[in-house]
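Working notes for the structure below.
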Amino acid sequence: MTTIYFVRHAEPNYTDPNDYTRALTPKGEADCARVVSFFEKIPVDAVYSSPYRRAIDTVKEMAKQKGLPITLVEDFRERRAAGEWMTDFSDFADYAKRQWEDFSYRLPGGECLQEVQERNVNALLSLLSKHRGETIVIGGHGTAICTVLRHYDPAFGFEAFDAMRHKMPWVVRLKFEEELSPAVQSFDLFEEEPSL
C-alpha cells in the first residue's frame, strides 16, 4: 500500500500577489504546529511540495523533525486564477462555482480546472510509481488538491470544495493499493484530536 498525505497550506498573507514568495500570516505560522503534531507518530518516507512558499513553509518544520528534505515539484502548484492578481475576492465563490461546473472555464490569462487537474494528477502518478509501498507528504493548495480528489471521485464538486475553502491547514490522506482508486479521508486539524 502506498499512502499519500496532501497538506493544504496554512493561512497566507494575501497582501503579496506573488505566488512564489507569498508568506504565511502569523496565525498561519503558528498553525503549522498542528501539522507537526498530526504527523508526530506517522512514519514518513519523503516530503514533496509545490514551489510556492506558503506550501513549503507549512510542511517545513514537520520535514525538519523527520530529518527529510523537501523536494519541490512545479506541477503541484496552485491554479493560476487570471493573468493579473485578483484584488476583488467578493465574487470568488461565483467564479469558483462556475469553474467546478465547467472544468474548461477560465478567466483571461488563467487556468481551467482541467489543466490544473491534469498536471497535479500526472505529478501524483509519477510519485506513486517512484514510492511504491511508502508514505509520502505533499505540501499543496486547496483547489489543486480538490481537483485530484475529483479525478478519483467524479461526484466531488463545488459543495465539497467550498466546505474546505477556509480550512488552512487541511490534510487529505489517499491510500492506494495497486494504483487503483484510493481510499480517501480528510482531517480537520482544528479538532481536538483528528482520528487516524
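The values are calculated or read from the model by the stated rules, or taken from the named source; none is laboratory data. Values in this document were obtained by computation on a predicted structure and should not be read as measured data. FYI the Cβ positions are ideal-geometry reconstructions off the backbone, even for glycines, and counts take in every protein chain you see.
Looking only at residues that are in contact (Cβ under 8 Å) with a residue 40 or more places away in the chain and not charged (D, E, K, R) in segment 90-102, which one is surrounded by the fewest Cβ atoms within 10 Å (Cβ to Cβ)? Walk me through how you get there before you give the answer.
Of the residues in segment 90-102, the ones in contact (Cβ under 8 Å) with a residue 40 or more places away in the chain are 93, 96-97, 100-101.
Add one more test, that the residue is not charged (D, E, K, R), and what stays is 93, 96, 100.
Details: ALA93: 12, ALA96: 20, TRP100: 21.
Going through the qualifying residues, I end up with ALA93.
Sort out which residues of segment 65-99 are at pLDDT below 95 and in contact with a Gly (Cβ under 6 Å, 6 or more places away or on another chain), and write them in order of number.
ARG80, ALA81, ALA82, GLY83, listed by residue number.
Conditions tested, residue by residue: (1) in contact (Cβ under 8 Å) with a residue 60 or more places away in the chain; (2) basic (Lys, Arg); (3) within 24 Å of ARG80 (Cβ to Cβ).
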residue: GLY142; (1), (2), (3): yes, no, yes
residue: PHE161; (1), (2), (3): yes, no, yes
residue: ARG173; (1), (2), (3): yes, yes, no
residue: LEU180; (1), (2), (3): no, no, no
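Please go through segment 154-196 and pick out each residue that is under 24 Å from THR25 (Cα atoms), among the aliphatic types (A, V, I, L, M) and either in a loop (DSSP other than H, G, I, E, B) or at pLDDT below 90 (or both).
Scanning segment 154-196 gives MET168, LEU189.
Given the conditions (1) under 25 Å from SER126 (Cα atoms); (2) part of a helix (DSSP H, G or I); (3) not polar (S, T, N, Q), report the number of the one that VAL7 does not fulfil.
(2)
For THR2, indicate whether it is buried (at least 19 other Cβ atoms within 10 Å of the Cβ) and polar (S, T, N, Q).
On the way: buried (at least 19 other Cβ atoms within 10 Å of the Cβ): yes; polar (S, T, N, Q): yes.
It is true that THR2 is buried (at least 19 other Cβ atoms within 10 Å of the Cβ) and polar (S, T, N, Q).
Has segment 51-68 got any residue that is under 13 Å from ALA144 (Cβ atoms), assigned to a helix (DSSP H, G or I), touching a residue at least 24 places away in the same chain (Cβ under 8 Å) and basic (Lys, Arg)? So that I can check it myself, show each step before the final result.
Step one: filter segment 51-68 for residues under 13 Å from ALA144 (Cβ atoms), giving 51-52, 54-55.
Then drop every residue that is not assigned to a helix (DSSP H, G or I), which leaves 54-55.
Next, only the ones that are touching a residue at least 24 places away in the same chain (Cβ under 8 Å) stay: 54-55.
Adding the requirement that they be basic (Lys, Arg) leaves 54.
Yes, some residue in segment 51-68 is under 13 Å from ALA144 (Cβ atoms), assigned to a helix (DSSP H, G or I), touching a residue at least 24 places away in the same chain (Cβ under 8 Å) and basic (Lys, Arg).
Give the residue that is surrounded by the most Cβ atoms within 10 Å (Cβ to Cβ), with candidates limited to residues of segment 108-148 that are closer than 23 Å to GLU178 by Cα and of a type in the set (Asp, Glu).
Ranking the qualifying residues of segment 108-148, first place goes to GLU134.
Restricting segment 48-65 to residues that are of a type in the set (S, T, N, Q) and more than 19 Å from THR3 (Cα to Cα), which is nearest to the chain's Cα centre (by Cα)?
Let us first name the residues in segment 48-65 that are of a type in the set (S, T, N, Q), namely 49-50, 58, 65.
With more than 19 Å from THR3 (Cα to Cα) added as a condition, the list becomes 58, 65.
Numbers: THR58: 11, GLN65: 21 Å.
Among those that are of a type in the set (S, T, N, Q) and more than 19 Å from THR3 (Cα to Cα), it is THR58.
Got at least one residue in segment 107-115 being modelled with pLDDT under 95, over 18 Å from the mean Cα position of the chain (by Cα), of a type in the set (A, V, I, L, M) and on the phi < 0 side of the Ramachandran plot?
Yes; the residues of segment 107-115 include at least one that is modelled with pLDDT under 95, over 18 Å from the mean Cα position of the chain (by Cα), of a type in the set (A, V, I, L, M) and on the phi < 0 side of the Ramachandran plot.
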